[in-house]
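The values are calculated or read from the model by the stated rules, or taken from the named source; none is laboratory data. As the structure is a computational prediction, the values presented were derived from the model and not from experiment. Cβ placement follows ideal geometry from the backbone for every residue including glycine, while neighbour counts extend to all protein chains displayed. Quick note on the areas: whole protein, heavy atoms, side chains included, nothing else; ligands and nucleic acids left out. Shrake-Rupley method; radii C 1.70, N 1.55, O 1.52, S 1.80 Å.
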Amino acid sequence: MPLPPTLRPTDALLIIDLQNDFCPDGSLPVQHGDAIVPLINTLTPRFPHTIFTQDWHPSHHISFASTHPGTQPYQTIQAPYGTQTLWPDHCLQHSPGADLHPHLHIPPTAHILRKGFRQHIDSYSAFLENDRLTPTGLADHLHQHHLTRLFLCGLAYDFCVRYSAIDGRTLGFETIVLEDATRAVNLSNSVAETHAALAAAGIPRIQSTTL
Ligand code: VGL
Ligand code: ZN
């Protein structure tokens, strides 16, 4: 077991998409998605910088099955930028489902980053949209604030947490996933694939209780 990391002033906690639509009563529910809120509330005060992402889709977004006649949620289609999983309508801009979970404590200094707001491109990653070209601005924000190490938590482990962690690592940030502070959507093999992808990228998964 590696030694637990000691927190530094250059660390940031990245809380991914902890929004009502991904919680059990939402339109794209992640099992026990809301169960991580109290744990995350114990973590945020310990970090000098916190960043909350918000999935923020326009109506008729490319990732909605309802946008593509004859399709069903959870199947895939070929988008111009590659394979895209289709989802139930979720996180519509300004809807209650897009709100961050009401029990989440948002520090006044938190940075809130919206993503997925372009109609024809989805964005799982908090860094780069699914065309793998369009930046969200997060890397610039981290550089401006001299943040070099990222701890990720939130929803969903096997989609937005996964892609955000890999892009963070690829962009040169030391990246760690707080596994007990995430939950997965769990489509077919997505959890096992995520474990393997994180390991291959050199991204440790640790328990937040070791911090
Ligand atoms: C997410 C599916 C669609 C996520 C966002 O936050 O993991 N998953 N949009
Ligand atoms: Zn989405």
- prompt: Restricting the search to the range 168-181, which residues are open to solvent by less than 10 Å² (accessible area, probe 1.4 Å) and either within 16 Å of ligand 2 (Cβ to nearest atom) or assigned to a loop (DSSP other than H, G, I, E, B) (or both)?
  reply: F173
task: Using the structure shown, decide if D167 is within 23 Å of F64 (Cα to Cα) and within 16 Å of ligand 1 (Cβ to nearest atom).
output: no
statement: By residue number, the members of the range 196-211 that are surrounded by fewer than 17 Cβ atoms within 10 Å (Cβ to Cβ), in a helix (DSSP H, G or I) and either without any contact (Cβ under 8 Å) to a residue 40 or more places away in the chain or touching a strand residue (DSSP E or B) at 6+ places or on another chain (Cβ under 9 Å) (or both) are A196, A197, A199, A200, A201, T209
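Anything in the range 119-135 that is within 17 Å of the chain's Cα centre (by Cα) and either over 19 Å from I15 (Cα atoms) or not charged (D, E, K, R) (or both)? List them, or say none. I'd like the intermediate steps shown before the answer.
Pass one, the range 119-135, residues within 17 Å of the chain's Cα centre (by Cα): 121-132, 134-135.
Across the range 119-135, the qualifying residues are I121, S123, Y124, S125, A126, F127, L128, N130, D131, R132, T134, P135.
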field: Some residue of the range 31-46 being within 30 Å of S208 (Cα to Cα) and within 15 Å of ligand 2 (Cβ to nearest atom)
entry: yes
Given (1) modelled with pLDDT of 95 or more; (2) more than 14 Å from the chain's Cα centre (by Cα); (3) of a type in the set (G, A, S), number of the condition S188 does not satisfy: (1)
message: Of everything in the range 37-64, what is surrounded by fewer than 15 Cβ atoms within 10 Å (Cβ to Cβ) and either part of a strand (DSSP E or B) or on the phi > 0 side of the Ramachandran plot (or both)? Give them in sequence order.
response: H60
- request: Could you please find all residues in the range 57-84 being within 12 Å of I121 (Cα to Cα) and in contact (Cβ under 8 Å) with a residue 60 or more places away in the chain?
  value: H57, P58, H61, I62
